[in-house]
Structures are given as structure tokens and as C-alpha cells.
Amino acid sequence: MAGLIPQTRKIHRYLEGLFAREDDELRQARLRSQKAGLPNIEVPPLVGKTLWLLARMVGASRILEVGTLGGYSTLWLARALPQGGQLTTIELEPAHAAVAQQNFNVSSQGSLIKLVVGNGHQLLPQMVSEGTAPFDFIFLDAEKAGYPAYLDWLIQLSHQGSLIVADNCIRSGKVIEPSESDEPSRALAKFNQLIANHPKLESVVLPSFGGIEGGSLDGLALCRIR
Ligand code: DHB
Ligand code: MG
């Protein structure tokens, strides 16, 4: 597909160098995840920076993340919090969560992060029924087949003006005509349809650099709650 375009990689390198240089903490978190054998699918630094900036723009003091992996995006987001802010992040895989917790333990923002190990499809309804206070900013980056089902629970955990951001909404264009067997892309195509037409949302999908060295195209959904 759109992958492996040298010019795209060059542009990605240019933008990353200008806007999303990693400091030691972020680099070490990425390397620790890599060494632990986690899949190499964390957000690229430019997306991390985008999440940080969006959370700052909405003045988020309560952030929810679904799909922690090794906690790389979590660390970008936690840096957007003011004093007394809180970030809850949900991870299904205990092995991923263990690496993420190590990354949080050595982070200056670690005390603001609450890592919950479990299945989001159970935890989110539970949070709704417990009357959990709404979140100002939500980042969805969990298993792709679950995106459509997550959406309604995330809306219920939001308030007017909250921002829901979702990763992987373009998938190198596979969302345009997903094949029968490509369940993740089918789910994302459905998700894009849902957010485009949802009465409670104002939405867009912004293209982002994905894959190896930014050589393929992915997308970030931005949804504001009406
Ligand atoms: C995959 C998941 C992601 O969240 C991502 O950003 C890229 C790839 C995956 O499951 O393959
Ligand atoms: Mg992702």
C-alpha cells in the first residue's frame, strides 16, 4: 500500500526531529518494552506529542487510556496532567502491564498513573455503573476488534467537551475496503462510520505516520463530545 515511500520517511524524520524528540525517560521506556519482547506497536513519538498537546489543549486533569501496552503513550499523556491530575490506564495482558508498571515506577509522573489490569469490555461498564467521575480526555489504542463496542462506554465516561482520541483509524488504507478475513480493519471501518455519524460526537480522522520509520499511513480519530 502506501508504505515504504522514501519521501514519506524523510518528512516523518524531519517533523519528528522538530517536534517530538524523545528525552531519556521516554527512550528508556521504549527500550525496556522492546527488551521485554513486547510487540513494537507503541505510538510513534509524533503521535505521543500530539496526544500530549491535545490533552493540554482541553486542560485535561482526568485522563483514561484503554490499551497500555508498555506505557509509552501513557507517559506522554501523564506529562500533560496538572498537579493533582490522574490518569487511569487499562491493560488486558499481565505481562505487558508488568513492563508498563516498571516504566511508571521510574517516571517522575508515575504517582499520577493508576494501572488497572483487566478486560476493558468488563472494566468500562463497571466504571460506568460505579459512577466513576467523567474523564476529560480518553485515548483508545486497545485490540482493534473491540473499538466499536468500546465507543459507547467511553462516551458514557465523558462529559460535554471531553475528547476521545483513537489510534489506528487508517491502517495503510485497509479501512477503505477491508477484506472479509481482516477483522481489525473491518472493526476500524465500522468505528470510523460510527464516529462520523454519531449524534453525540464531532469527529475527524487525521492522517498520521505509522509503521517502520513513518513509512506507512495511519490515522488518529479526534472526537469531541457535544
Ligand atoms: C497494532 C496495534 C496498534 O495499536 C498499532 O498502533 C499498530 C499495530 C497491531 O495490533 O498490529
Ligand atoms: Mg496503536
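I'd like the residue in segment 139-162 that is of a type in the set (D, E, K, R) and within 13 Å of ligand 2 (Cβ to nearest atom) and, out of all such residues, is surrounded by the most Cβ atoms within 10 Å (Cβ to Cβ). Only one residue tops the list, namely 141. Residues of segment 135-180 that are within 15 Å of ligand 1 (Cβ to nearest atom), out of contact with any Asp or Glu (no Cβ under 8 Å at 6 or more places or on another chain) and not hydrophobic (A, V, I, L, M, F, W, C): 143, 146, 147, 150, 173, 178.
Yes or no: segment 163-182 includes at least one residue that is β-branched (Val, Ile, Thr), surrounded by 21 or more Cβ atoms within 10 Å (Cβ to Cβ) and in contact with a Gly (Cβ under 7 Å, 6 or more places away or on another chain).
Going through segment 163-182, the residues β-branched (Val, Ile, Thr) turn out to be 164-165, 170, 175-176.
Subsequent filtering for residues that are surrounded by 21 or more Cβ atoms within 10 Å (Cβ to Cβ) retains 164-165, 170, 175.
Subsequent filtering for residues that are in contact with a Gly (Cβ under 7 Å, 6 or more places away or on another chain) retains 170.
Checked against the condition, which is being β-branched (Val, Ile, Thr), surrounded by 21 or more Cβ atoms within 10 Å (Cβ to Cβ) and in contact with a Gly (Cβ under 7 Å, 6 or more places away or on another chain), segment 163-182 yields at least one hit.
Out of curiosity, is residue 80 more than 15 Å from ligand 2 (Cβ to nearest atom) and among the aliphatic types (A, V, I, L, M)? Full working, then the answer.
Values: more than 15 Å from ligand 2 (Cβ to nearest atom): yes; among the aliphatic types (A, V, I, L, M): yes.
Judged against the criteria, residue 80 is a match.
Any residue in segment 159-170 that is within 19 Å of residue 128 (Cα to Cα) and free of Cβ contacts under 8 Å to residues at least 24 places away in the same chain sitting within a Cβ distance under 6 Å of a residue that is within 14 Å of ligand 2 (Cβ to nearest atom) and of a type in the set (Lys, Arg)? List the pairs, counting only those 6 or more apart or interchain. Within 6 Å, no pair qualifies. Contact map, segment 31-59: residues that are under 26 Å from residue 95 (Cβ atoms) paired with residues that are basic (Lys, Arg), Cβ distance under 8 Å, separation 6+ or inter-chain. Pairs shown: 42/30; 45/21.
Collect the residues in segment 115-135 that are surrounded by fewer than 21 Cβ atoms within 10 Å (Cβ to Cβ) and within 23 Å of residue 53 (Cβ to Cβ), keeping them in residue-number order. Once the filter is applied, which keeps residues that are surrounded by fewer than 21 Cβ atoms within 10 Å (Cβ to Cβ) and within 23 Å of residue 53 (Cβ to Cβ), segment 115-135 yields only 134. Taken as a whole, the structure places residue 187 among residues that are in contact with a Pro (Cβ under 8 Å, 6 or more places away or on another chain), buried (at least 16 other Cβ atoms within 10 Å of the Cβ) and of a type outside the set (S, T, N, Q).
Going through (1) in contact (Cβ under 8 Å) with a residue 60 or more places away in the chain; (2) crowded, with 17+ Cβ neighbours inside 10 Å; (3) touching a Ser or Thr at 6+ places or on another chain (Cβ under 9 Å) one by one, residue 25 falls short only on (2).
Could you list, in sequence order, all residues of segment 174-222 that are assigned to a strand (DSSP E or B) and more than 16 Å from ligand 2 (Cβ to nearest atom)? Break it down into steps so the answer makes sense when it comes.
Residues of segment 174-222 assigned to a strand (DSSP E or B): 201-210, 216-222.
If the condition is that a residue be assigned to a strand (DSSP E or B) and more than 16 Å from ligand 2 (Cβ to nearest atom), then 201, 202, 203, 204 are the ones that fit.
One residue stands out among those in segment 209-222 that are at pLDDT 95 or above and under 14 Å from residue 141 (Cα atoms): the one that is nearest to ligand 1 (Cβ to nearest atom), which is 218. Output the residues belonging to segment 74-98 that are under 17 Å from residue 30 (Cβ atoms) and surrounded by 24 or more Cβ atoms within 10 Å (Cβ to Cβ). Passing the criteria: 74, 75, 76, 77, 78, 89, 91. Checked against the criteria, residue 135 does not count as of a type in the set (Phe, Trp, Tyr) and within 13 Å of ligand 2 (Cβ to nearest atom).
The values are calculated or read from the model by the stated rules, or taken from the named source; none is laboratory data. None of the values given here were measured: they were computed from a predicted structure. Cβ: placed from backbone, ideal geometry, glycine included. Neighbour counts: every protein chain shown.
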